[in-house]
1. Give the relative contact order (percent, whole number) for the chain; include only Cα pairs under 8 Å separated by 6+ residues.
2. What lysines sit close enough to Lys208 to cross-link, taking a C-alpha to C-alpha distance under 17 Å and skipping anything fewer than 8 places away on the same chain?
3. Can you give me the span-like helices of the chain, meaning DSSP H runs with 27 Å or more of Cα extent along the axis and Kyte-Doolittle mean at or above -1.0?
4. Taking a quarter of the surface of the Cα convex hull of region 146-263, what do you get in nm²?
5. Rounded to the nearest 0.05, what FRET efficiency do Asp84 and Ser174 give with R0 = 30 Å and r taken as the Cβ-Cβ distance? Could you check?
6. Any chance you could check the Cα centroid distance between region 215-260 and region 80-95 for me, in angstrom?
7. Sum -39500 (n - 2.57) across every DSSP H segment of at least 4 residues in the chain, then divide by the residue count to get the 222 nm mean residue ellipticity, nearest 500.
8. 7 Å from Cα along Cα→Cβ at both Glu2 and Leu223: what's the point-to-point distance in nm?
Amino acid sequence: MENYFKKLSAINTKKMQQKKGNYTYLSWAIAWTLLKESYPDAQRKVYESSQTELPYFTDGKTASVKVGVIVNGIEHIDYLPVKDYANNSVPLAKMTSMQVNTTIQRATAKAIAMHGLGLSMWINEDIEYLFNEVNTEIKKEVSTLAYQIAENTSEITTPIHLTFDKTTDITSGSNNAIFVDIEKLVFPLTLRKWQHGDYFYPAGMQGKKKVSKYFKDEKISSLEKENTWLLCSNDAIVWVVGKRQDDRFLAKKNTVAILHIKFC
C-alpha cells in the first residue's frame, strides 16, 4: 500500500511559503493545488452546526470552525478558532463572515498538512506560538509582582538594589537618587512594575502625566520600560526609579524629615 504521507511530506513547499507578521504560512490555494495534483480524488469537508446550519460552532462567546480533508479514504480534521489580525479570538457579536471564511481556508491548509504536505512549517509555528504564549504569561506574572518596604528599611537588593537613609540635608539630586518628605509617605512603600493607566506628577514639569506618555516623550525603549520599577506610597507614585521623582513627595528646604533613596 502506498505511503501517501511520505510522498506529500517530501514535496518542497519552502519557495511557496509566505510571511505574515511573525508566522510563515502556505496559502490554502497552493496547498490544495499541490494536493489535487498528487491525489485528484482528495476531498474537503466543511462541517456545519446541526443547530444553526452555519459553517462554525460557538459556545455563545466565540466561535471555531471544523474542516476535514480526505486523502485515500483517510480523513484528518482541523479545529480552528475564529481570530482577528492580532491572533485573538473574535467575540461572536463582532465576528464577520470574512473572518469565518478566512479561518476555514486556514483550517483547510492545516488539515492538508496533517496528511504531510507542508507539515514541517506548522511545527515551527507551533513552537513559536508556544514560546510567545509562555513569554506573555511570564510578563503578566512579573507585571503583577509587588514588594513591600517597611518604614525602617535601610536597604533592599530584590528585585532591585535600593538604599534608604534618613537625613536633614538635601544635596543635588540625580535620576538615581531622590530626597523625599517622610511625612508625606504611607508605609509600607510598594515597589512594582508600571501598568497602563499609571500616572504621576513629574518633578520639574507642569501637572500630571501618564507614565506611558512620559516614557514616549523621553524616548525610552521597550526593553527599558519592561525593566523599570515604580516606588509607590499607597497608590501614588513616589518615583519612577532611575528616571523621575514625583513632585508631590519632593523634599524642600523647610522639610523636617527627609529620606534619601538611592538606586544602586
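Just so it is clear, none of the values below were taken in a lab; they were calculated from the coordinates. Please read these numbers as outputs of a predicted model, since none were measured by experiment. Cβ placement follows ideal geometry from the backbone for every residue including glycine, while neighbour counts extend to all protein chains displayed.
1. Taking the mean separation of contacting Cα pairs over the length of the chain, I get 16 percent.
2. Straight-distance partners of Lys208: Lys216, Lys243.
3. Result, helices passing both filters: 119-143.
4. Value for region 146-263: 6.9 nm².
5. It comes out at approximately 0.10.
6. Cα centres, region 215-260 to region 80-95: 39 Å.
7. -8500 deg cm²/dmol
8. Modelled inter-label distance: 5.2 nm.
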